[in-house]
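Read through the structure below, which is laid out as structure tokens, and then see the notes.
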Amino acid sequence: MAARYGDSLLILGISFASAWVCEGISWLLIYRTSTYKSLRSTIDRTSKKLESMKSNTPTIAATKKSKAKKMDRLEIGLKESSRDLSFSKFKSGGVVAVVLVIVFGLLSSLFEGKAVAKLPFVPLNLVQTLSHRGVPGDDPTDCSMVFLYTLCSLSIRSNLQKFLGFSPPRGAAAAGMFPVPLDTKGK
Amino acid sequence: MRERPSTGKSPKQPSLKEHDGDVSPFSISKLMNPDADWDREQLGDVLHWIRQALGLLLGIIWGAIPVTGAFWLILFFALTSGVIYGYYHVILKVDEEELGGHGGLLQEGLFASFTLFLLAWILVYSLLHF
């Protein structure tokens, strides 16, 4: 096995290490702080309560109205705490970004102008701007370090966060990003 | 993971849909049990990790054979979505509406597994055949 593309393993290893470093920093700055933990538990609790309230709908009109009001309050509470949650993440965002830029600088100095892997498919032109960046020749299946590093960090970091339990709770993600106008009239 | 007897503290007759929310979602008995009671977070985590394992597995297989061409990308999406749908709909028989609908369940961990699949496919293909 000529392992012409042995460098790709080096990139994999460096991405793996940098993912752990980034999560370590985030843990140090955010995840172990009590504010984050309390925010996280309120979000989990409210989204669970909302979920259970949504599943059993009362019949009598009066309770329906009061229930809708209660759900409103819960929704607003959920939105606020998920917004605070994302603000609390900004603190470590800066440090993590610095780490990623340093690692990227190191990798590009090592592998500039070199194909580090072979793609088993011909990517779309749009993808080629990334997968063929800085690689000599015009063979579209040559893979640049940038593309491989992007794939590594995307897959490794998201799974590492999931594995460590740092990924944002589902309830918050939905409420925080796309504030759906709540139909409060309640037909 | 010993299955905690459900008669535990509350003497109430354990209903058919015995509430075992605190049993870890990865205990085999719960994974294969259509009567188990799932909540959105737990089911989401299980589907996420199934999808990652499938992505990694298919990536390694495609790379080892090797197969090339965008067709295999499409086959990856079809296969993994089919397996995930078959799992939660046929084996677990969960009520999708309650747990985020088909869209929500089928998207669980989709992008992460796609990047993992691509990474495995490219690496195995490059290292084994060049």
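Contact order normalised by length for the stretch B:34-129, with contacts defined as Cα pairs under 8 Å and 6 or more residues apart; what percent is it?
Computed over the stretch B:34-129, the figure is 54 percent.
Over the protein assembly as shown, what portion of Cα pair distances is larger than 36 Å, expressed as a whole percent?
In whole percent, the share of Cα-Cα pairs in the protein assembly as shown beyond 36 Å is 32.
Give me log10 I(q)/I(0) at q = 0.24 Å⁻¹ for the stretch B:60-130, Debye formula, one equal scatterer per alpha-carbon, no solvent.
Reported log10 I(q)/I(0), two decimals: -1.02.
Using the Karplus equation 6.51 cos²θ - 1.76 cosθ + 1.60 (θ = phi - 60°), what ³J(HN,Hα) coupling, rounded to whole Hz, does each residue of the stretch A:19-24 give in order, writing x for Gly and Pro?
5, 5, 4, 4, 5, x
Can you find, among B:Gln42, B:Gly104, B:Thr68, the residue sitting farthest towards the positive end of the charge dipole of the stretch B:34-129, where Lys and Arg contribute +1 and Asp and Glu -1 at Cβ?
The one lying farthest along the dipole's positive direction is B:Thr68.
So how compact is the stretch A:34-170: Cα radius of gyration and Dmax in angstrom?
23.3, 73
What does the structure give for B:90-102 when I average, per residue, the other chain Cβ atoms found within 10 Å of the residue Cβ?
Going residue by residue through B:90-102 and averaging, the value is 1.
What is the average number of partner chain Cβ atoms found within 10 Å of a Cβ in A:119-129?
That average works out to 4.
Who wins for biggest fluctuation among A:Phe121, A:Phe111, A:Phe166 in a Gaussian network model of chain A, springs between alpha carbons below 10 Å?
Among A:Phe121, A:Phe111, A:Phe166, the largest mean-square fluctuation in the Gaussian network model of chain A belongs to A:Phe121.
Can you find, among A:Val103, A:Leu119, A:Pro58, the residue farthest towards the positive end of the dipole of chain A? Put +1 on the C-beta of Lys and Arg, -1 on that of Asp and Glu.
A:Pro58
Taking beta carbons within 10 Å but only from partner chains, what does the mean come to for residues A:145-153?
3
How big is the accessible area of A:Val98 in square angstrom, nearest 10, if you roll a 1.4 angstrom probe over the protein chains?
Spelled out: A:Val98, probe radius 1.4 Å, area about 80 Å².
How large is the accessible surface per residue of the protein assembly as shown, computed with a 1.4 Å probe and reported in Å² as a whole number?
Solvent-accessible surface per residue comes out at 55 Å².
The values are calculated or read from the model by the stated rules, or taken from the named source; none is laboratory data. These figures come from a predicted structure and were not determined experimentally. Cβ: placed from backbone, ideal geometry, glycine included. Neighbour counts: every protein chain shown. Each accessible area value is taken on the protein alone, full model and side chains, heavy atoms only, with ligands, DNA and RNA left out. Shrake-Rupley method; radii C 1.70, N 1.55, O 1.52, S 1.80 Å.
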